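Notes follow once the structure below has been shown.
The values are calculated or read from the model by the stated rules, or taken from the named source; none is laboratory data. Keep in mind the model is a prediction, meaning the values are calculated, not measured. No Cβ is skipped: glycine too gets one built from the backbone with ideal geometry, and neighbour counts run over all protein chains shown. Only protein heavy atoms, including side chains, enter the accessible area calculation; ligands, DNA and RNA are left aside. Shrake-Rupley method; radii C 1.70, N 1.55, O 1.52, S 1.80 Å.
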Amino acid sequence: MAVSPSAFDPAAETARYLAMLPPEVHAKATAYTQGGHWLLLWSAVVAAAVAWLILRSGLLVRLRNAVERRRRRPWLVALAVLPVALLLETLLTLPWNAYADWWRETAYNMTSQPFGEWLGEWALSGGIALVAMSLFYLAVYWLLRRAPRTWWLWASGVAGAFAVIALLLAPIYIAPLFNDYSPAPNGPVRDAVVAMAEANGIPSDKIYIYDGSKQSNRYTANVMGLFGSARINMSDTMFKAGADLGEIRAVVGHEMGHYARHDVLSRLGLVLALILAGFWLLDRLFEPAARLLGAANVRGIADPAGLPIFSLLLALIFLVATPLTNSLSRWAETGADNYSLRIAREPDGIAKALIQTVEYRAATPSLIEETLFYSHPSVSRRIRNAMEWKAKHPPAPARAAAPVSQP
Ligand SMILES: [Zn+2]
């Protein structure tokens with residue numbers, strides 16, 4: 001079927017794709033997505049309430065004093081107080097997390113996971129985070145004692161080291177604790193993926209399918225890991241939704257785009273720049289914040305009993321930076337879409353896949369909403385981009401179907 005550029009109208013094609021979903025589906029998606037923006041704000045309110053509660057209880061100060069009465073070793077105080085502070089934060093935010101991550105997701109039919117199973121995974125990930133964050137904060141408080149004026153600089157370096165280690169280890173040791181990852185089974189999907197990988201210099205043994213439907217009904221794929229551990233994962237929800245080969249090629253092309261563009265690294269760079277700025281700000285804001293929260297018995301920023309103030313400020317700084325991190329993310333997503341169009345040449349595959357994501361990312365936000373809250377360009381913008389590409393690249397007679405059917 002030849003499409004002449006003059007007869008093909010990208011705007012009309014975009015509207016046709018969006019009209020594939022009935023208005024009530026779009027309305028529900030808007031309610032879900034806009035409610036999600038409010039969750040960001042409420043999370044900050046919950047974080048503030050939790051910090052206030054822990055400080056008011058005086059538990060950390062009493063623990064600090066008890067350890068000091070036995071031995072006046074600052075590292076021993078940190079070793080005792082920091083894990084307890086982190087454990088209290090984790091436990092006190094459980095009701096909120098259960099609402100936001102499980103109850104609300106269930107209400108919107110975004111997950112079919114039983115609560116007990118969700119709770120088990122929450123405990124597992126919380127336990128891992130508790131160990132990792134305890135080690136991280138032990139290093140940070142050591143720096144706070146050793147270099148009171150320049151700690152924020154060194155602590156950012158420590159944060160970078162922790163982030164790199166976490167990214168390297170996550171696909172190999174962490175992700176398999178929650179899901180089964182396996183290479184695509186022999187068949188047309190595997191053939192298509194391998195052909196695309198080989199044509200673009202990406203190791204084809206780094207493409208996995210995982211049982212993402214266990215936690216979420218979202219139609220999704222991702223790139224995980226860093227350097228040697230980097231890999232592309234496709235959720236089985238894609239196959240349950242009946243994705244055709246064009247969609248799979250388009251989605252894998254998009255993820256290969258992230259892989260080839262090293263988007264994990266650029267995101268890491270931005271996060272580390274934010275942490276550096278955040279720690280510097282924290283150094284200046286700690287005292288006023290402590291006064292505001294009535295933490296009279298906390299002796300200053302280097303006192304581990306002040307950890308709730310420390311982590312609250314860090315959370316607020318990251319909240320304020322959300323539009324910045326989202327903007328970098330949208331830029332990377334556009335790059336990955338264009339990479340997919342270039343190597344997979346499946347504009348309709350991209351459009352069909354994107355329509356499946358509307359239920360959790362409403363398709364037509366206002367520009368201000370998209371700028372502030374969207375980590376991906378809106379589906380309407382992305383489909384329009386694919387259709388503009390299609391208008392400029394009418395399909396050749398010997399269409400790229402050949403690599404798909406090769407064994
Ligand atoms: Zn992406």
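In this structure, is Arg299 among the basic types (Lys, Arg) and under 30 Å from Gly246 (Cβ atoms)? For Arg299, the condition - among the basic types (Lys, Arg) and under 30 Å from Gly246 (Cβ atoms) - is not met. Cβ-Cβ contacts under 8 Å between residues 6 or more apart (or on different chains), taken from a first residue in region 249-271 that is hydroxyl-bearing (Ser, Thr, Tyr) to a second residue that is within 11 Å of the ligand (Cβ to nearest atom), are listed as Tyr259/Val223; Tyr259/Ile232; Ser266/Ala332. Would you mind stating whether Pro203 is without any contact (Cβ under 8 Å) to a residue 24 or more places away in the chain, more than 15 Å from the ligand (Cβ to nearest atom) and open to solvent by 60 Å² or more (accessible area, probe 1.4 Å)? Taking the combined requirement at face value, the residue does not satisfy it. Consider Thr90 carefully, then state whether it is of a type in the set (Val, Ile, Thr) and either open to solvent by 50 Å² or more (accessible area, probe 1.4 Å) or over 27 Å from Leu292 (Cα atoms) (or both). So Thr90 does not fit the description; no. I'm checking my understanding of the structure. Among residues of region 329-342 that are open to solvent by 40 Å² or more (accessible area, probe 1.4 Å) and either farther than 15 Å from Arg384 by Cβ or free of Cβ contacts under 8 Å to residues at least 24 places away in the same chain (or both), which one is nearest to the ligand (Cβ to nearest atom)? Residue satisfying both the conditions and the ranking: Trp331. Per the listing Tyr141, Tyr173, the residue uniquely open to solvent by 70 Å² or more (accessible area, probe 1.4 Å), more than 16 Å from the ligand (Cβ to nearest atom), within 30 Å of Ala123 (Cβ to Cβ) and not charged (D, E, K, R) is Tyr173.
Here is a yes/no grid of residues against (1) among the polar types (S, T, N, Q); (2) at pLDDT below 95; (3) within 12 Å of the ligand (Cβ to nearest atom); (4) within 18 Å of the chain's Cα centre (by Cα):
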{"position": "Leu314", "(1), (2), (3), (4)": "no, yes, no, yes"}
{"position": "Asn326", "(1), (2), (3), (4)": "yes, no, no, yes"}
{"position": "Ile350", "(1), (2), (3), (4)": "no, no, yes, no"}
{"position": "Glu359", "(1), (2), (3), (4)": "no, yes, no, yes"}
{"position": "Pro365", "(1), (2), (3), (4)": "no, no, no, no"}
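The set of residues in region 217-228 that are crowded, with 16+ Cβ neighbours inside 10 Å and more than 16 Å from the ligand (Cβ to nearest atom) comprises Asn217, Leu226.
Across region 281-299, the number of residues qualifying as of a type outside the set (S, T, N, Q) and surrounded by 16 or more Cβ atoms within 10 Å (Cβ to Cβ) comes to 10. Considering only residues that are more than 26 Å from the chain's Cα centre (by Cα) and surrounded by fewer than 17 Cβ atoms within 10 Å (Cβ to Cβ), which ones fall in region 182-199? The answer is Pro185, Asn186, Gly187, Pro188, Arg190, Glu198, Ala199. Consider region 253-280. How many of its residues are open to solvent by less than 30 Å² (accessible area, probe 1.4 Å), among the aliphatic types (A, V, I, L, M) and within 16 Å of the ligand (Cβ to nearest atom)? Residues flagged as open to solvent by less than 30 Å² (accessible area, probe 1.4 Å), among the aliphatic types (A, V, I, L, M) and within 16 Å of the ligand (Cβ to nearest atom) within region 253-280 amount to 2. Taken over region 282-313, the criterion of being under 17 Å from Ala80 (Cβ atoms) and among the basic types (Lys, Arg) is satisfied by Arg299 alone. Only one of these conditions is not met by Lys240: (1) of a type in the set (D, E, K, R); (2) within 16 Å of the ligand (Cβ to nearest atom); (3) at pLDDT below 95. Which number is it? Of (1) of a type in the set (D, E, K, R); (2) within 16 Å of the ligand (Cβ to nearest atom); (3) at pLDDT below 95, only one is false for Lys240: (2). At least 2 residues being among the small types (Gly, Ala, Ser) is the threshold, and among the helices (runs of 4 or more DSSP H) wholly inside region 47-165 those reaching it are 74-92, 115-146.
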